[in-house]
């Protein structure tokens, strides 16, 4: 069997005695207030929205009117506000403190961007109202496109993909379309290094490519010789993250691109780590043919607990014609939104989403870019890289970095070799960080490093914030080495919940609330 | 720069601590010949005032839905969203949190996802729902892929009532994935013979109701025929509010229900971000795409929530994952959940009834205009209007008169002469008697 | 049990007449942690030695189980569907995965005996 041990960390936690000096009557602990489910506090006859009586008409629903009740609970406004405010307080967020989640670029989300996205001219316009009534919306997409093209040195940008993985799909479909146009559908192999995000192989496989690995050097970078050995007439593309997920810039990227192009294949770049190089290198100069840009990473649109994202894809001259519809094209001063296979969109690969993409995210991203300007964007990348290296320099005597003391880009990767013999794991370190008031770094990714810890501070952290974080991380490493096992194994103790039983959740999936038996019987009456 | 806390002195000190001679030393891995030395050819940093001025000017060039009599639908709908919804989703702890990979400090997100999944399951009449897709159209593409996994067949049939953009999304994905997609021709009156398309190789039938032309469709016979041939029924809706008044797809035998959830809690925003709803039968959960939140207990035995069944997903299964989706529509789910909590059953029903009644009144008013005909018999809040003349031109002229009167079908289905005089017209609870009167009057003038 | 044979990939085979009972070893289950789901092939499926025969999932990992021998799957352990924990509790007994009717008994000769497997996993 292919023994995948990554599930080890998640085994059922031991049930502990509750370590509390004093149990409260309510279960609450001062500001930390427990909150029941909506379905336990709401009532179907309650509503928090007042509407006038509907006009009396003869219904035209045919035979389709709903007869059975839905059993949806309602809340009055004060109840709803309190319910969701209480829930919000069970979350960690960037606005609470450093969120050093590697590869996720959790930077500050400027509130100006929120205000701009809510201007009625952006937030309250319909995707299918006449184009003549939305010239400013089309102008905004065109302007954002101009910034993305200039920052990457590419030929064109496909704006509509909804998130990073959707952008990957867009780029890989464009590559497939280009191969078909060349009559080379037989190219089925996509090379993906093992350090890649899971979305890369998942995307390639989704549209029928066969994924083959490329080995990495000891430091996690890709050797162009290894690429050259593997490219042949069957290879369609390579998917490469640069800077890679080990936090290093692929220094041989130009040679890798050449090897790929010489063999007639394409170079897809995963732009998840673009924040490290904005204003420092143009991916167009590196030989990239397609790259998605996570606006929710590099350009600060909020992650919102897991979305929405936005994943525009910049394309080289070789792929530009295949960009999905709809497409905003700019011809001198004229900007047009092409919705069908016409003009500049005649060779388009097709449609990837119902409308024009994530407009709300475009406004936020452009607001961020205008605020930073060319100078601020470059400064942000420099600060992000400096902050990561500062953490590296201040922790590398206690933590183990597989790349040694080589400078990193915007994130620093450690492995768990410094924990050898302590009985403490990467996961334990992460959980102990929670007790110290931090969100943990990315753990167990990339897969190429044992017990990986990937720390990305971003440019949003002040010197004082970094020093505080470093001091805490040093204390944790020393405690681990000193054998203070309980501090780690029982962590987190102070979070809204202790470690959760993920085995139980997966063995007996309970994915929705169900009325308890007596209530269910009542509802059926 | 107001977003960057490091001072020049900090940078100097930190570089010294790092042991780098300059900031560029940290970028030494970028080959010199491709390292950017000049600043990008773009404007320099700006303060809040200047940014507001620039973006405010762009926004000011657009006609917002609230500023005119507004009847545009076809997959996105203007509804009233209570003020508290937008306030609550802007809570820092929701807005600026990440995917809940550390459940102990993400119970807020996880609990609302659990509430969201339950609400979606109840609304659609299904057993389980996931924690959202990007939007209704990409959700439909995922539903077809899922049906292929479940049935181990690769031939999908799409109804001619499916939103043409949704059809295009499915066809694009299908073409690249090497699947066979049979799309029926545009079916304005809901008369197609879809049953005749189902055979033993069919993986799924995809039917929208209310369909893009507004028709409410009877899903039961399609479910029966599909099941008799070992195929699945995938049903689609683009107006989530309809579920408050029309029979749920789950009750009619759907196997997978997908739809656009924008109508509840989310603004129009020129097409995105929206929220794809995705529900199915419990027996298919391991073939579902997307994130799932499940209930469990913590080490003290307290109830809590985690992301679960993640072995389906790309970060674990990589090239064998059920989908490549990673990011979902978290914050849009939250807006949906809060709005629906405020509505409750009573508020949802009343909103849906108002939408329907307003659409009926609108249909009556427009039919009074000479030469105009309502083609849709049974509808929820949207119907197809036949006008004597080119619909796209009529819509433009209406816009000039300050009425956004709907979507010409030719915008969705270009190059089809038989559809060129058709308009999709939608009405919701926001429309008033004055709006309807303005529309009828303007239409009369335009057609005169 | 002289009829137990092992692969280097931690599957075991217990031969019962012309049928091989296949599962994963105690060492394998201890390495995987809590098993939460087992995906089994349909009875009647033909498998070839070294090909994917099943998938065993822990909370955050999925591992493929390869067929140690070629043949037709004649029975699967449907108990695992509701109680995947059997793989952890009794891997060699109630936690078996599937039974394969051997198409080539000589394939068994290439597998390890218990002593060889123990030394393979470093016991």
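The values are calculated or read from the model by the stated rules, or taken from the named source; none is laboratory data. On a predicted model such as this, the values are computed, not experimentally measured, just so you know. So basically every Cβ, Gly included, is an ideal-geometry build from the backbone, and we count neighbours across all protein chains shown.
Would a scan of the range A:171-180 turn up a residue that is within 30 Å of residue A:373 (Cβ to Cβ) and modelled with pLDDT of 95 or more?
Yes, the range A:171-180 has at least one match.
Looking only at the range B:294-308, filter to residues that are facing another protein chain (nearest Cβ under 7 Å) and in contact with a strand residue (DSSP E or B) (Cβ under 7 Å, 6 or more places away or on another chain); which one of those is surrounded by the fewest Cβ atoms within 10 Å (Cβ to Cβ)?
B:297
Might you let me know whether the range B:292-313 holds any residue that is assigned to a helix (DSSP H, G or I) and on the phi > 0 side of the Ramachandran plot?
No, that holds for no residue.
Taking residue B:120 and the conditions (1) facing another protein chain (nearest Cβ under 10 Å); (2) touching a helix residue (DSSP H, G or I) at 6+ places or on another chain (Cβ under 7 Å); (3) surrounded by 24 or more Cβ atoms within 10 Å (Cβ to Cβ); (4) assigned to a helix (DSSP H, G or I), which numbered condition does it fall short on, given that it satisfies the others?
Checking residue B:120 against (1) facing another protein chain (nearest Cβ under 10 Å); (2) touching a helix residue (DSSP H, G or I) at 6+ places or on another chain (Cβ under 7 Å); (3) surrounded by 24 or more Cβ atoms within 10 Å (Cβ to Cβ); (4) assigned to a helix (DSSP H, G or I), the one that fails is (2).
Is the range B:361-377 home to any residue that is assigned to a loop (DSSP other than H, G, I, E, B), within 9 Å of another protein chain (Cβ to nearest Cβ) and within 26 Å of residue A:203 (Cα to Cα)?
Checked against the condition, which is being assigned to a loop (DSSP other than H, G, I, E, B), within 9 Å of another protein chain (Cβ to nearest Cβ) and within 26 Å of residue A:203 (Cα to Cα), the range B:361-377 yields no hits at all.
Within the range A:293-308, is even one residue touching a residue at least 12 places away in the same chain (Cβ under 8 Å), in a loop (DSSP other than H, G, I, E, B) and touching a strand residue (DSSP E or B) at 6+ places or on another chain (Cβ under 9 Å)?
Yes, there is a match, as at least one residue in the range A:293-308 is touching a residue at least 12 places away in the same chain (Cβ under 8 Å), in a loop (DSSP other than H, G, I, E, B) and touching a strand residue (DSSP E or B) at 6+ places or on another chain (Cβ under 9 Å).
Out of everything in the range A:179-231 that is farther than 20 Å from residue B:145 by Cα, part of a helix (DSSP H, G or I) and touching a strand residue (DSSP E or B) at 6+ places or on another chain (Cβ under 7 Å), what residue ends up being nearest to the other protein chains (Cβ to nearest Cβ)?
A:179
I'm checking my understanding of the structure. Among residues of the range A:455-469 that are more than 10 Å from chain B (Cβ to nearest Cβ) and part of a loop (DSSP other than H, G, I, E, B), which one is surrounded by the most Cβ atoms within 10 Å (Cβ to Cβ)?
Only one residue fits best here, namely A:456.
This table checks each residue for (1) at the interface with another protein chain (Cβ under 7 Å from one of its Cβ atoms); (2) assigned to a loop (DSSP other than H, G, I, E, B); (3) out of contact with any strand residue (DSSP E or B) (no Cβ under 7 Å at 6 or more places or on another chain); (4) at pLDDT 95 or above.
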{"site": "A:8", "(1), (2), (3), (4)": "yes, no, yes, no"}
{"site": "A:14", "(1), (2), (3), (4)": "yes, yes, yes, no"}
{"site": "A:18", "(1), (2), (3), (4)": "yes, yes, yes, no"}
{"site": "A:47", "(1), (2), (3), (4)": "yes, yes, no, yes"}
{"site": "A:52", "(1), (2), (3), (4)": "no, yes, yes, no"}
{"site": "A:61", "(1), (2), (3), (4)": "yes, yes, no, yes"}
{"site": "A:70", "(1), (2), (3), (4)": "yes, yes, yes, yes"}
{"site": "A:80", "(1), (2), (3), (4)": "yes, no, yes, yes"}
{"site": "A:87", "(1), (2), (3), (4)": "yes, no, yes, yes"}
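From the residues in the range B:143-171 that are within 16 Å of the chain's Cα centre (by Cα) and either at pLDDT below 95 or part of a loop (DSSP other than H, G, I, E, B) (or both), which one is farthest from residue B:184 (Cα to Cα)? Break it down into steps so the answer makes sense when it comes.
Going through the range B:143-171, the residues within 16 Å of the chain's Cα centre (by Cα) turn out to be B:143, B:162-170.
Those still in the list that are either at pLDDT below 95 or part of a loop (DSSP other than H, G, I, E, B) (or both) too: B:162-163.
Values: B:162: 9, B:163: 12 Å.
The selected residue is B:163.
Exactly one of (1) part of a loop (DSSP other than H, G, I, E, B); (2) exposed (fewer than 15 other Cβ atoms within 10 Å of the Cβ) is unmet by residue B:9. Its number?
(1)
Check B:354, B:384 and return the single one that is out of contact with any helix residue (DSSP H, G or I) (no Cβ under 7 Å at 6 or more places or on another chain), in a strand (DSSP E or B) and in the same structural domain as residue B:431 (by TED's automatic domain parsing).
Going through B:354, B:384 in turn, just one is out of contact with any helix residue (DSSP H, G or I) (no Cβ under 7 Å at 6 or more places or on another chain), in a strand (DSSP E or B) and in the same structural domain as residue B:431 (by TED's automatic domain parsing): B:384.
Does residue B:343 satisfy the criteria of being within 21 Å of residue B:67 (Cα to Cα) and in a helix (DSSP H, G or I)? Show your work before the answer.
On the way: within 21 Å of residue B:67 (Cα to Cα): no; in a helix (DSSP H, G or I): yes.
Here the answer is no, as residue B:343 does not meet what is asked.
Do we have residue A:360 as surrounded by 24 or more Cβ atoms within 10 Å (Cβ to Cβ) and assigned to a loop (DSSP other than H, G, I, E, B) here? If you could, list the steps in order and put the result at the bottom.
Values: surrounded by 24 or more Cβ atoms within 10 Å (Cβ to Cβ): yes; assigned to a loop (DSSP other than H, G, I, E, B): no.
Here the answer is no, as residue A:360 does not meet what is asked.
Name the one entry in B:230, B:178, B:196 that is at positive phi, over 20 Å from the mean Cα position of the chain (by Cα) and more than 10 Å from chain A (Cβ to nearest Cβ).
Details: B:178 fails: more than 10 Å from chain A (Cβ to nearest Cβ); B:196 fails: at positive phi.
Result: B:230 is the single residue among B:230, B:178, B:196 that is at positive phi, over 20 Å from the mean Cα position of the chain (by Cα) and more than 10 Å from chain A (Cβ to nearest Cβ).
A quick yes/no check of all residues on (1) more than 8 Å from chain A (Cβ to nearest Cβ); (2) touching a helix residue (DSSP H, G or I) at 6+ places or on another chain (Cβ under 8 Å); (3) at pLDDT below 95:
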| position | (1), (2), (3) |
| --- | --- |
| B:86 | no, yes, no |
| B:114 | no, no, no |
| B:124 | yes, yes, no |
| B:129 | no, yes, no |
| B:135 | no, no, no |
